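S.K.: Can you keep this structure in mind? I'll have questions shortly.
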Amino acid sequence: MKVLVSDEVHVDYGQIFVESGEDDCDLHDAFAGQEGVGLCGGGQAGMLLLLTGLRIGGVDFTAELHDSRPEPDETWEEIVEVPFRPVSEETVLRQWNGKDRWELGLEERDYRVRYSAIGMHAGRSKDVREDDEPPTDDRYLLQIWPAAPEPARLLKQTGRTAANWHAFATAPVG
């Protein structure tokens, strides 16, 4: 396992992105084809939309690259998996405001990603965290490994904030 990112990542509108290519990520398009699976939108080619409980401020975020599927860690409260395939040689984790980005070094091949969260509801209740305030209780883990494409899956859901995003992913657009 290789740690790609271990940092405080600033979120706006509760969003972080994984991007390869030139397109902008659209909230509705990100969840296309992921009925009942919110939190991590993989519906747009070469992109992932990652949602957090905290709306504005810094969250603890880790991204890992694995050689094969890691066992799910049941201490995480929210866990989803989606397929992902970079569409360019550069894949980055990017903050909403574009100030910071982290190169992930992924190849142009099929991957599976698992997005796990803990404390999402605490982050949602806090809403905004100023830079001089202590960290919130919400933390996020993105695990990536090579795998053939398969449908998005909800592995674990315990909180209301996550449940709302899973319902959003299922709701018809319009």
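S.K.: Could you calculate the FRET efficiency of N97 with D23 from 1/(1 + (r/R0)^6), where r is the beta carbon distance between them and R0 is 22 Å, rounded to 0.05?
M.R.: Efficiency, from the Cβ-Cβ distance: 0.75.
S.K.: Which lysines have a Cα less than 30 Å from the Cα of K99, not counting those fewer than 8 places away in the same chain?
M.R.: The qualifying lysines are K2, K126.
S.K.: Moving on to the next point. Would you please give the residues with an amide H less than 5 Å from that of D138, counting only those at least 5 places away or on a separate chain, with H modeled from the backbone geometry?
M.R.: HN-HN under 5 Å from D138: G123.
S.K.: Enumerate the calculated ³J(HN,Hα) couplings along segment 137-151 in order (Karplus 6.51 cos²θ - 1.76 cosθ + 1.60, θ = phi - 60°), each rounded to whole Hz, writing x wherever the residue is Gly or Pro.
M.R.: Result, ordered by residue: 7, 7, 9, 9, 9, 10, 10, 10, 8, x, 6, 5, x, 8, x Hz.
S.K.: Measuring with a 1.4 Å probe in the full set of protein chains, what accessible area per residue, in whole Å², belongs to segment 1-127?
M.R.: Here the residues of segment 1-127 average 45 Å² of exposed surface.
S.K.: Could you work out the Kirkwood radius for segment 29-174, taking every pair of different alpha carbons, averaging 1/r and inverting it, reported in Å?
M.R.: 15.7 Å
S.K.: What residues qualify as long-range amide H neighbours of G38, i.e. H under 5 Å apart, gap of 5 or more or another chain, H built at 1.01 Å from N?
M.R.: H166
S.K.: In debye, nearest 20: dipole of the chain around its Cα centre with unit charges on the Cβ of K, R (+) and D, E (-)?
M.R.: Around 520 debye, computed over the chain.
S.K.: Over segment 51-174, what is the relative contact order in percent, taking alpha-carbon pairs closer than 8 angstrom and at least six residues apart?
M.R.: Normalised by residue count, the contact order of segment 51-174 is 39 percent.
S.K.: Another one. Between F168 and S88, what is the spin-label point distance in nm, taking each point 7 Å from the Cα along the Cα→C-beta axis?
M.R.: 2.6 nm
S.K.: Long-range amide H contacts for D100: which residues qualify at under 5 Å (H placed 1.01 Å from N, peptide plane, sequence gap of 5 or more or a different chain)?
M.R.: Correct list: Q95.
S.K.: Which percent of the accessible area of the chain is formed by carbon and sulfur heavy atoms (probe 1.4 angstrom)?
M.R.: The computed percentage sits at 45.
S.K.: Could you give the size of the charge dipole of segment 98-140 about its Cα centre, using +1 on the Cβ of each K and R and -1 on the Cβ of each D and E, expressed in debye and rounded to the nearest 20?
M.R.: Dipole of segment 98-140, to the nearest 20 debye: 280 debye.
S.K.: I would also like to ask the following. Per residue of segment 101-113, in order, report the coupling 6.51 cos²θ - 1.76 cosθ + 1.60 (Karplus, θ = phi - 60°) as ³J(HN,Hα) in whole Hz, putting x for Gly and Pro.
M.R.: 8, 10, 6, 9, x, 8, 7, 7, 7, 7, 10, 10, 10
S.K.: Would you calculate a helix-derived [θ] at 222 nm for the chain, using -39,500 (n - 2.57) for each DSSP H run of n ≥ 4 and dividing by the full residue count, to the nearest 500?
M.R.: Helix-only estimate at 222 nm: -3000 deg cm²/dmol.
S.K.: Quick one: net charge of Y13's neighbours, Cβ under 12 Å, K/R +1, D/E -1?
M.R.: Local charge sum for Y13: -1.
S.K.: About the Cα centre, and with charges only on the beta carbon of Lys, Arg (+1) and Asp, Glu (-1), how big is the dipole of segment 80-174? Nearest 20 debye, please.
M.R.: In debye, rounded to 20, segment 80-174 gives about 480.
S.K.: Which ³J(HN,Hα) values in Hz, rounded to whole numbers, follow from the phi angles of segment 53-64 under the Karplus curve 6.51 cos²θ - 1.76 cosθ + 1.60, where θ = phi - 60° and Gly and Pro get x?
M.R.: So the Karplus estimates, Gly and Pro as x, are x, 5, 7, 9, x, x, 10, 6, 9, 10, 10, 10 Hz.
S.K.: A further question on this structure: Provide the FRET efficiency to the nearest 0.05 for the M1-D132 pair, computing r from the beta carbons and using R0 = 45 Å.
M.R.: For R0 = 45 Å, the calculated efficiency reads 0.85.
The values are calculated or read from the model by the stated rules, or taken from the named source; none is laboratory data. Quick caveat: nothing in here was measured; it's all calculated off a predicted structure. For neighbour counting, all protein chains shown are included, and Cβ atoms are generated from backbone atoms with ideal geometry for every residue, glycine included. The protein model used for the area step is the full one, side chains on, heavy atoms only, and it has no ligands, DNA or RNA in it. Shrake-Rupley method; radii C 1.70, N 1.55, O 1.52, S 1.80 Å.
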